[in-house]
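Chemist: Before we start, here is the structure in question, set down as structure tokens.
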Amino acid sequence: MAANIFDYQHQRAHFIGIGGSSMSGLALFLKQTGYQVTGSDRTKSHKTEHLEEAGIPVHIGHDAESVHGADVIVYSAAIAADNPERAEAARLGIPQIERCDLIGQLMEGYPFAVGISGTHGKTTTTSMLAQAFMQAGADPTIHIGGELDFIGGSTRVGGSHDFICEACEYNASFLHFKPNIAVILNIDEDHLDFYKDIDDIESAFARYAALVPPTGWCVAWGDDVRARRVCENAACNSMTYGLGEQCMLRPVYLKYDEHGCASFTAALNGMALGEFHLNVPSEANMLDALAVICVAYIRGLDMKKVAEALESFVGAHRRFELTSVTDGVKCYTDYGHNPAEIKNALKIAALQPHKTLWSVWQPHTYSRTKTLFDAFVTTFDGVDRLLITDICAAREVDPGDIRSEMLLEPIRARGVDVVLTPTFDDAEAYLRAHWQPGDLMISHGCGDIDLLNEQIALHGDTAK
């Protein structure tokens, strides 16, 4: 049984791995609600610097002494029990809470607690929903696994009625949450280091939907057979959205402008809810907006204000984010790290005016690269030039049987011009030696690939 965070109000909570996207937000959340917060992480980052600016001391490196004096420990699934700080906390008898248990505890008691789940699209949809609720006059508490300028970061402490958060399926974390509105954006293959296969993944989503009380709702993308099946079998109210005739909420009079941004009338069982115009491109963003409209309808929000919010939504950081225009080349970065996410980002990129389309991919974890190897080989079809960096190990130890070089020949056999650039310096040097004004570059990955974009922007134009 995990410790309960509410037993330690105004006491010291120490976060191990505080620099993670979710952990950093939770640390700020507790700081804002009266806890004393400290933390540690193995590397310094923008997030650790931001936390220190907010008054949260962060120690770089994992040392046993860091937990001395702490009243409760918060750790993520990536922090093993033999981590020096966790081991010392156990020796000293300091209670510990895993990140997902903490989120579940924070959610409990909110009348309208929304968990946005799905193999991909969670951060964008959660960000859209947060902005829609706020612009429609609600006062939500928010936890996003990314950063949204509209709320000034990844968390927001709001009133006691609405709680909006991402619900991640990694390690079945979302089964610790307490939603009464469960959104399922899609069910695809990923995290096969934890799940046996796609059926096992679907089973986890079914258990997630089963957490919703009978009076609550499950909202799902109705064109995804697995998501629809989970939703329709849930023992609560259900609502589906999508393009197919079987979907309850559908976009009619759907059209896209020259940049790929959708306009449509949202119709629920044939009843028009309003007209919507997006300023973020792609079908994927249109579908995410439909999910938001479903939840907003269930909540009873003013649809005109929801439409205004969706039209003004410009995206979260690291979601097809323009980071610079260098040497006349537009440079984007995207957090997508599985085949479906990368393909969606490339579809958006292809819609933008460009000459040569450059893709720079940092594979994330050895296990994902191995289990989805064949899918990754077909992911970059249509890219003009592809650079692949070394694999980002993240939480894993190198097993010695998978390397980025192994992807080159299979991808090259599909007609893609692909090159190995092991480091970010290698990638930047290759790009600058070969790109031309009018090209477009997009980097992919949930590791630290965004640092490539940062150093490109920092170094500026070649001629300077």
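All of the numbers you see were taken from the coordinates with simple rules; none came from a lab. Here the structure is a predicted model, which means the values were calculated and not measured. When we count neighbours, we look across all protein chains shown, and the Cβ atoms used for this are built from the backbone with ideal geometry, even at glycine.
Chemist: Within a 10 angstrom radius of the beta carbon, how do TYR35, TYR75, TYR335 rank from fewest other beta carbons to most? It would help to have the intermediate numbers written out before the result.
Modeler: Working: TYR35 19, TYR75 23, TYR335 26.
Ordered by Cβ neighbours within 10 Å, fewest first: TYR35, TYR75, TYR335.
Chemist: I would also like to ask the following. Find the relative contact order for the chain and round it to a whole percent, using C-alpha pairs within less than 8 Å whose residues are 6+ positions apart.
Modeler: Numbers: 1011 pairs, mean separation 50.8, N = 464.
Contact order relative to length: 11 percent.
Chemist: Further question: Once you keep just the Cα pairs under 8 angstrom separated by 6 or more residues, what percentage relative contact order results for region 115-176? Could you put the intermediate results ahead of the total?
Modeler: Values: 93 pairs, mean separation 24.6, N = 62.
Once divided by the residue count of region 115-176, the mean separation gives 40 percent.
Chemist: Okay, moving on. Over 31 Å between Cα atoms: which of LYS44/LYS196; LYS31/LYS343; LYS44/LYS370 fall into that group? Provide the component values of the computation, followed by the final result.
Modeler: Values: LYS44/LYS196 35 Å; LYS31/LYS343 38 Å; LYS44/LYS370 29 Å.
Where the Cα-Cα span goes over 31 Å, the pairs concerned are LYS44/LYS196; LYS31/LYS343.
Chemist: Report the relative contact order of region 10-99, percent, no decimals, based on alpha-carbon pairs under 8 angstrom and at least 6 residues apart. Before the final figure, lay out each step's value.
Modeler: Values: 168 pairs, mean separation 27.7, N = 90.
Answer for region 10-99 is 31 percent.
Chemist: Rank these for me by crowding, SER160, SER367, SER282, going from fewest to most other beta carbons within 10 Å.
Modeler: Values: SER160 10, SER367 17, SER282 22.
With the fewest neighbours first, SER160, SER367, SER282 line up as SER160, SER367, SER282.
Chemist: What does the extension gain come out to for ALA235 and ALA393, with contour length at 0.36 nm per residue minus their alpha carbon separation? If you can, show how the numbers build up before the last one.
Modeler: Values: separation 158, 0.36 × 158 = 56.88 nm, distance 3.97 nm.
Stretched out fully, the ALA235 to ALA393 stretch lengthens by 52.9 nm.
Chemist: Assign one of three labels to region 108-312, namely rounded, prolate or oblate, based on the Cα gyration tensor with a ≥ b ≥ c the square roots of its eigenvalues; rounded applies when a/c is under 1.5, prolate when it is not and a/b is larger than b/c, and oblate otherwise. Kindly include the intermediate steps, with their values, before the conclusion.
Modeler: Numbers: a/c = 1.44, a/b = 1.19, b/c = 1.21.
Because its axes are fairly even, with a/c under 1.5, region 108-312 counts as rounded.
Chemist: Is region 303-385 best put as rounded, prolate or oblate by its Cα gyration tensor, with a ≥ b ≥ c the root eigenvalues, rounded for a/c under 1.5, and otherwise prolate when a/b is larger than b/c, oblate when not? Each step should come with its number before you reach the end.
Modeler: Working: a/c = 2.18, a/b = 1.40, b/c = 1.56.
Note, shape of region 303-385 comes out oblate.
Chemist: Give me the distance between the Cα centres of region 374-390 and region 279-301, rounded to whole Å.
Modeler: When both Cα centres are located, 30 Å separates them.
Chemist: So, one more: Based on alpha-carbon centroids, what's the gap between region 1-71 and region 313-373 in Å, whole number please?
Modeler: Cα centroid to Cα centroid, the span is 31 Å.
Chemist: Post the alpha-carbon centroid distance, region 113-159 to region 406-464, in whole angstrom.
Modeler: Cα centroid to Cα centroid, the span is 31 Å.
Chemist: To make sure I understand, if each residue's beta carbon is the centre and we count other beta carbons within 10 Å, what order do ASP398, ASP41 fall in, fewest to most?
Modeler: Values: ASP398 10, ASP41 22.
By the 10 Å Cβ count, ascending, the order reads ASP398, ASP41.
Chemist: While we're on this one: Counting other Cβ atoms within 10 Å, which GluC sites (Glu not before Pro) in region 296-401 have at most 12 and lie in a DSSP loop? Mind dumping the intermediate values first?
Modeler: Details: sites: GLU308, GLU311, GLU321, GLU341, GLU396; in loops: GLU396.
Taking region 296-401 and a limit of 12 other Cβ atoms within 10 Å, no loop GluC sites (Glu not before Pro) are found.
Chemist: May I pose another question? Between rounded, prolate and oblate, where does region 1-122 land on the alpha carbon gyration tensor, with a ≥ b ≥ c its root eigenvalues, rounded for a/c under 1.5, else prolate if a/b exceeds b/c?
Modeler: Details: a/c = 1.45, a/b = 1.27, b/c = 1.15.
In terms of gyration-tensor shape, rounded.
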